[in-house]
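Reading through the structure tokens given below for one structure.
The values are calculated or read from the model by the stated rules, or taken from the named source; none is laboratory data. From a predicted model like this one, the values you see are computed outputs, not experimental measurements. As a convention, Cβ positions derive from the backbone with ideal geometry for all residues, glycine included, and neighbour counts pool all protein chains shown.
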Amino acid sequence: MPWLVSIVNRPIAAPRAASPTARVRFDQLVALWTRHVPATAGDGAGDYEDFVEQAVRLEAALNTFGADNVWLVVSTEPGIAVNAGTGESRAAAELQHWPRYGTQPSRRHEDIDMQQARLAADYYRYEAFVSRAGRRLSVCGFGLEGQGAELGDVLAGWAAGGARRAFLKSVQIKQFAFPMDLPAGFGPGDGSRLMYDALDYGAMYMEGVRESIIAQEFVTMEYEYRLFVVGNTVATAAGCVEEFTPLDNNGYPFDNQLRRHRQAKSPVEAEPAIARALTNFSRNAVDALALEVPALTDYVIDVALGPTGKPLIVELNSLLNAGLYASQPARVTKAMATLERETVR
């Protein structure tokens, strides 16, 4: 079965200090990459994590689907798909109906079905998320003049109840996300001022737009963990450790190397009990999401321990574009291939 596989042409990185096994794996990835991806002027000086992630995606696709079934679309030549086994070239536009894998470019203005990514991005609307978020949350806007949930009213209510910090995020992916303080005396009229202070003139494009902001109570989160879901089943997982790639995987499908404080970059340690608790919690959430949103089947779910030590959901994201950390991507491609075979029977 043919697959359309998108690869971002990241410059090859220099190797970094690693175990002998990881160094051998890195050299294998470089050799594989040079066979299938055009050279760039930056080769030898690329970002290590970015390069390894793309190379591992390529490796997983080839090993799982088979070279003759992989049609590569490289970001530097987006209009052309090349068969990894035969070298045949075709217009990528002719193959958009095929199952896809690899990092997907933005398709907001293209008529291509990215249903799974859109459904995952709506996580804040699902009761299965809200009931497991471990924090207050409201979808609101500002300058609405009584035509919807007003940001200032929401935050003032939280401040009156003792909350001293919130986290605001746009419903539009990657538009903005930032924490903000809620000082004593914070009132309903402070919401609009706060948005203009944070976004300057950019805020005027959002003023009066209903349900444009996800407001969340700010709570501490520890041991953030990412799980990759295919067909409503968790395939692999790893701690949210930015400098880790699949080459750092410790041999387990559910890697148990975790960082307690992600932003402070505290030491990474093996925490099998915490990884197990977060995985079990996530499986329960995945089951609940499958009942509530049957069309949502493939995504990543980020979880963590909240301020009371109980698990909570951080957010959901697109499966194909999510960072890999120290997961085992081949388990994702194998699950995708199995699901696709069952679908076409």
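Against the test of being farther than 30 Å from Arg16 by Cβ and not β-branched (Val, Ile, Thr), the options Leu247, Leu278, Leu291 yield a single qualifying residue, Leu291. Scanning region 22-60 for residues that are within 23 Å of Lys334 (Cα to Cα), surrounded by fewer than 15 Cβ atoms within 10 Å (Cβ to Cβ) and polar (S, T, N, Q) turns up just one, Gln28.
Would you mind finding the one in Ala304, Ala330, Ala295, Ala326 that is outside the structural domain of Pro99 (by TED's automatic domain parsing), farther than 26 Å from Thr245 by Cβ and either among the aromatic types (Phe, Trp, Tyr) or at pLDDT 95 or above (or both)? Before the answer, list the steps.
Working: Ala304 fails: farther than 26 Å from Thr245 by Cβ; Ala330 fails: farther than 26 Å from Thr245 by Cβ; Ala326 fails: farther than 26 Å from Thr245 by Cβ.
After ruling out the rest, the residue left standing is Ala295.
Can you confirm whether region 13-35 contains a residue that is of a type outside the set (S, T, N, Q), within 22 Å of Ala337 (Cβ to Cβ) and in a loop (DSSP other than H, G, I, E, B)? The answer is no; no qualifying residue exists.
One line per residue, one yes/no per condition, for (1) out of contact with any Lys or Arg (no Cβ under 7 Å at 6 or more places or on another chain); (2) β-branched (Val, Ile, Thr); (3) touching a residue at least 12 places away in the same chain (Cβ under 8 Å); (4) in the same structural domain as Pro11 (by TED's automatic domain parsing):
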| site | (1), (2), (3), (4) |
| --- | --- |
| Gln54 | no, no, yes, yes |
| Thr64 | no, yes, yes, yes |
| Pro78 | yes, no, yes, yes |
| Arg90 | yes, no, yes, yes |
| Gln96 | yes, no, yes, yes |
| Gly102 | no, no, yes, yes |
| Leu151 | yes, no, yes, no |
| Val154 | yes, yes, yes, no |
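For region 67-104, filtering for residues that are in a loop (DSSP other than H, G, I, E, B), surrounded by 15 or more Cβ atoms within 10 Å (Cβ to Cβ) and touching a Phe, Trp or Tyr at 6+ places or on another chain (Cβ under 9 Å) leaves 3.
With the requirement that a residue be part of a loop (DSSP other than H, G, I, E, B) and crowded, with 17+ Cβ neighbours inside 10 Å, what does region 139-170 give you? Walk me through it before giving the result.
Step one: list which residues in region 139-170 are part of a loop (DSSP other than H, G, I, E, B), which gives 142-149, 161-164.
If the condition is that a residue be part of a loop (DSSP other than H, G, I, E, B) and crowded, with 17+ Cβ neighbours inside 10 Å, then Phe142, Gly143, Leu144, Ala163 are the ones that fit.
Only one of Ala55, Ala41, Ala60 is among the small types (Gly, Ala, Ser) and not in a helix (DSSP H, G or I). Can you tell me which? Going through Ala55, Ala41, Ala60 in turn, the sole match is Ala41. Applying a threshold of 7 Å to beta carbon distances and a minimum spacing of six or more residues, or different chains, the list of pairs starting in region 123-137 at a residue that is at positive phi and ending at one that is at pLDDT 95 or above and of a type in the set (D, E, K, R) reads Gly134/Lys310.
Contact map, region 25-48: residues that are closer than 13 Å to Thr76 by Cα paired with residues that are surrounded by 14 or more Cβ atoms within 10 Å (Cβ to Cβ) and among the β-branched types (Val, Ile, Thr), Cβ distance under 6 Å, separation 6+ or inter-chain. Pairs shown: Val37/Val74. Of all the criteria given as (1) assigned to a helix (DSSP H, G or I); (2) at pLDDT below 95; (3) among the aliphatic types (A, V, I, L, M), the one not satisfied by Ile112 is (1).
Annotation: of all residues in region 265-280 being in contact (Cβ under 8 Å) with a residue 40 or more places away in the chain and under 25 Å from Ala121 (Cα atoms), the one that is surrounded by the most Cβ atoms within 10 Å (Cβ to Cβ) is Leu278.
Just need a number here: residues in region 42-94 that are of a type in the set (A, V, I, L, M), more than 20 Å from the chain's Cα centre (by Cα) and at pLDDT 95 or above. Reasoning before the result, please.
Kept after step one, since they are of a type in the set (A, V, I, L, M), are these residues of region 42-94: 45, 52, 55-56, 58, 60-62, 67, 70, 72-74, 80-82, 84, 91-93.
If we keep only those that are more than 20 Å from the chain's Cα centre (by Cα) as well, we get 45, 62, 67, 70, 72-74, 80-82, 84, 91-93.
Imposing the further condition that a residue be at pLDDT 95 or above reduces the set to 45, 62, 67, 70, 72-74, 80-82, 84, 91-92.
Residues meeting the conditions: 13.
When Glu127, Glu217 are checked against the criterion of being within 24 Å of Thr308 (Cα to Cα), surrounded by 17 or more Cβ atoms within 10 Å (Cβ to Cβ) and modelled with pLDDT of 95 or more, Glu217 stands alone in meeting it. Scanning region 172-228 for residues that are in a loop (DSSP other than H, G, I, E, B) and among the aromatic types (Phe, Trp, Tyr) turns up Phe176, Phe186, Phe218.
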